[in-house]
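Scroll down for the structure; my scribbles are underneath it.
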Amino acid sequence: MKYCFFVLIFIFTLIFNPVPSLAASPSCPENMVLIPGGTFHMGSDHPEFVEENAIAKVKIDSFCIDTHEVTNAEFAKFVQKTGYLTIAERPLSVQEFPDLPESARKPGSMVFEPPEAGLEQIAYMGWWHWVTGANWQHPYGPESNIQGKENHPVVHIAYFDALAYAKWSNKQLPTEAQWEYAARGGLEGKEYTWGDEYSATNANTWQGLFPFFNTKADGYLGTAPVGSFPPNGYGLSDMAGNVWEWTQDYYQVLRKPMAYKSNPQGPKIGYDPKKPFERNSHVIKGGSHLCAPNYCSRYRPAARESQSPDTGTTHIGFRLVKNI
């Protein structure tokens, strides 16, 4: 009788206090990790980095994010399945560029080319050149290829290309807030993804005097295979350096702290006063292998730049998130 009484008590307890389901903890797709929700201080107060937003407290819900930047091999699968042509592989349109001669409409993209040996001065941004035939499969022009670089981040990716890949893979581009929160790896208020001191061994950046010479102290002159450097506290590779990464946010600068927000989406329209002729610029984050202490220095979580959505280069790629 006593045994039956305890059984009844146990059944009653299960009915009114069910055991929590193990499935309640969300899981992420392959090659993604769960970033636990929380609050953090987004932005920076560095007076020299005028394009960075003022520090503001932000709340972020949990989400999944790619452990590494999308690679050439991964992007190739997308192209094989869909037949997608990136913007760099399409001729320039008559509607957007009515004054260009037909010979100048050939597909291409912007390529970094270091100055000639011995040159001591170069015009600002003079290291960028339009190269016909440059695209994700031919990063430096028609004579180049990605053989042996299948595990390098895909480059020459415009915002619209990243969106197409995201839709195909049933994922999303991260918001700027999601990206920065993930990049910090759980370290609150630190300058870099790994701490407060710059280190050439923690990210693929430019060592030496940009753009004249690169000592390759980190072992790489251009892009590096994803995961070549230590991951941050969330297990994410290359949240600093290697290639810039697209976010879904339009670009504007807020030098006054915004009010406390939950999952901010960014402004309704993009505008960069340094590039007034660009329309609806988006935020790119993380810096690249072309960022050096003497130039750019944008391999920090708070760092940001603007980029026209129809333009990719030899140092712009992306990674994706999955909201849960």
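Overall dimensions of segment 173-216, expressed as equivalent-ellipsoid semi-axes from the Cα gyration tensor (√(5λ), whole Å, largest first), are 26, 14, 8.
Among the listed options (1) 26.2, 88; (2) 20.4, 68; (3) 22.8, 97, the one matching Rg and Dmax of the Cα atoms in Å as calculated from these coordinates is (3).
In the chain, helices alone account for a calculated mean residue ellipticity at 222 nm of -4000 deg cm²/dmol, with every DSSP H run of four or more residues adding -39,500 (n - 2.57). When R105, R300 are sorted by how many other C-beta atoms sit within 10 angstrom of their C-beta, beginning with the fewest, the order is R105, R300. With just the Cα atoms defining each centre, how far is segment 109-177 from segment 201-254? Give it in Å. Here the two parts' Cα centres lie 14 Å apart. Checked against a 30 Å cut-off, the cross-linked pairs K149/K322; K149/K285; K81/K261 give Cα-Cα distances beyond that limit for K81/K261. For the chain, modelled as a GNM whose springs connect Cα atoms under 10 angstrom apart, the maximal fluctuation among L85, L34, L254 occurs at L85. Build a GNM of the chain with springs between Cα atoms under 10 Å apart, and of G287, G83, G141 the one that fluctuates most is G83. Model label sites at K77 and S199, defined 7 Å from Cα along the beta-carbon direction, differ in position by 3.2 nm.
For segment 317-322, 3J(HN,Hα) computed residue by residue from phi via the Karplus equation (6.51, -1.76, 1.60; θ = phi - 60°) reads x, 5, 9, 10, 10, 9 Hz, glycine and proline entered as x. Taking Cβ atoms as reference points and 11 Å as the exclusive limit, the residues near M239 contribute a net charge of -1, counting Lys and Arg as +1 and Asp and Glu as -1. Looking at segment 38-119, the pairs of alpha carbons with a distance over 15 Å make up 80% of the total.
Here's the picture: a label point sits 7 Å out from the Cα of E30 along the beta-carbon direction, and within segment 141-177 the residues with their amide nitrogen under 17 Å of it are 151, 169-171. Here segment 226-305 is treated as an ellipsoid with the same Cα gyration tensor; its semi-axes, largest first and in whole Å, are 24, 17, 12.
A Cα-only calculation for segment 63-200 places Rg and Dmax at 18.4, 53 Å. Here the calculated FRET efficiency for Y260 and S62, from their Cβ-Cβ distance with R0 = 22 Å, stands at 0.75, rounded to the nearest 0.05. Dividing the Cα radius of gyration of segment 181-324 by its Kirkwood radius returns 0.96 for Rg/Rh. Within the chain, helices built from complete DSSP H runs that reach 20 Å or longer along their own axis (Cα positions) and carry a mean Kyte-Doolittle hydropathy of -1.0 or higher are 2-16.
When the chain is fully extended, how far beyond the present Cα-Cα distance does W130 get from E113, taking 0.36 nm per residue of separation? Computed gain between W130 and E113 is 5.1 nm.
For segment 258-303, the direction-averaged projected area of the alpha-carbon convex hull comes to 4.7 nm².
On full extension, the segment bounded by S297 and H41 gains 90.2 nm, given 0.36 nm per residue less the C-alpha separation. If the viscosity is 0.692 mPa s and the temperature 37 °C, what Stokes-Einstein diffusion coefficient in µm²/s follows for segment 136-208 when Rh is the Kirkwood radius over Cα pairs? The estimated diffusion coefficient comes to 212 µm²/s.
Under the combined filter of DSSP loop state and at most 10 neighbouring Cβ atoms within 10 Å, segment 139-207 retains these GluC sites (Glu not before Pro): E143, E188, E197. Between L100 and K167, the simple label model (points 7 Å from Cα in the Cβ direction) yields a spacing of 2.3 nm.
Taking every alpha-carbon pair under 8 Å whose residues sit at least 6 apart, the chain reaches a relative contact order of 24 percent.
Quick note: the coordinates plus some simple rules give every number you see, no bench work behind them. Since this is a predicted model, take the numbers as computed values, not measurements. So basically every Cβ, Gly included, is an ideal-geometry build from the backbone, and we count neighbours across all protein chains shown.
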